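A short worksheet on the structure shown next.
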Amino acid sequence: MGILLDTGFIYALKDENDRYHLQAIKIFKTINWDDFSPVITNDLVINEVLTLAIYRSFGNKKILEAIKNLIWGSENFFQILEVPFENYEEISKILFQYISPKKLLSFVDASLIFSAKILKYDQIISFDAHFDGILTRIFNI
């Protein structure tokens, strides 16, 4: 039983000023990660996490180093799935299938839904309610 990680969760783990930081830390410490192995995100999420970190922290190198260590260093606890360009059309179909005025998904969000479909995962750690009704969202423990 694997689980996916969304951008906001990964970012919030390392930015103490993020409004979800304490919630992310609580989730991280409470979950038995072995029960959810393998834990996966994808390369589009990594792109979004780094971009978010640069903009929200105004280029704070301490936060960027902490996130780098989480993604590629000693604190890493997840795998990164590469999403090939050939899958982008299928991801855009998922985007159009679920998007509505009340459910605004990004392409990266749709890529996570696509990844869940490919991996046969049904759970995601995310603070974004637009995954509700699509994947089982873990956001509060």
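Computed from the coordinates by the stated procedures, all read-outs in this text should not be read as laboratory data. These numbers were taken from a predicted model, which means no experiment stands behind them. FYI the Cβ positions are ideal-geometry reconstructions off the backbone, even for glycines, and counts take in every protein chain you see.
Of interest is the spacing of the C-alpha centroids, which for the stretch 47-94 and the stretch 14-39 amounts to 16 Å.
Within the chain, which is the longest segment containing none of the trypsin sites (Lys or Arg not before Pro) that sit in a DSSP loop and have at most 16 other Cβ atoms within 10 Å? Working shown, then result.
On the way: sites that count: 19, 102, 120.
With trypsin sites (Lys or Arg not before Pro) excluded where exposed in loops, the chain gives 20-101 as its longest stretch.
Largest GNM mean-square fluctuation among 67, 99, 40, using the chain with Cα springs under 10 Å: 99. Partners of residue 102 within straight-line reach, counting aspartates and glutamates whose Cα lies under 18 Å from its Cα and excluding those fewer than 8 residues away in the same chain: 128, 132.
Annotation note: chymotrypsin sites (Phe, Trp or Tyr not before Pro) in the stretch 1-96 located in DSSP loop regions with a Cβ neighbour count of at most 14 within 10 Å are 58, 77.
The three principal axes of the C-alpha atoms in the chain carry coordinate ranges of 38, 33, 29 Å, sorted with the longest axis first.
Given DSSP loops and a limit of at most 14 other Cβ atoms within 10 Å, what is the longest stretch of the chain that contains no such GluC sites (Glu not before Pro)?
Numbers: sites that count: 16, 75, 82.
For GluC sites (Glu not before Pro) (loop position, at most 14 other Cβ atoms within 10 Å), the longest site-free span of the chain is 83-141.
Assuming charge only on the beta carbon of Lys and Arg (+1) and of Asp and Glu (-1), the dipole of the stretch 3-138 about its Cα centre is about 380 debye to the nearest 20. What angle, in degrees between 0 and 90 and rounded to the nearest 10, separates the Cα long axis of helix 21-30 from the longest principal axis of the Cα atoms of the chain? Helix 21-30 sits roughly 80 degrees off the main axis of the chain. Within the chain, antiparallel bridges make up roughly 10 percent of the DSSP beta bridges whose residues both belong there.
Local charge for residue 57 was computed over the other residues whose Cβ lies under 10 Å away, with Lys and Arg +1 and Asp and Glu -1, and equals +2.
Calculate how steeply helix 107-119 sits against the longest principal axis of the alpha-carbon atoms of the chain, using the helix alpha-carbon long axis, and give the answer as 0 to 90 degrees to the nearest 10. So the helix axis and the longest Cα principal axis differ by about 80 degrees. For the set 26/68; 68/103; 14/93, the pairs lying more than 23 angstrom apart at their alpha carbons are 68/103; 14/93.
I need to check one value: relative contact order of the chain, counting alpha carbon pairs closer than 8 Å and at least 6 residues apart, in percent.
On the way: 180 pairs, mean separation 45.9, N = 141.
The value is 33 percent.
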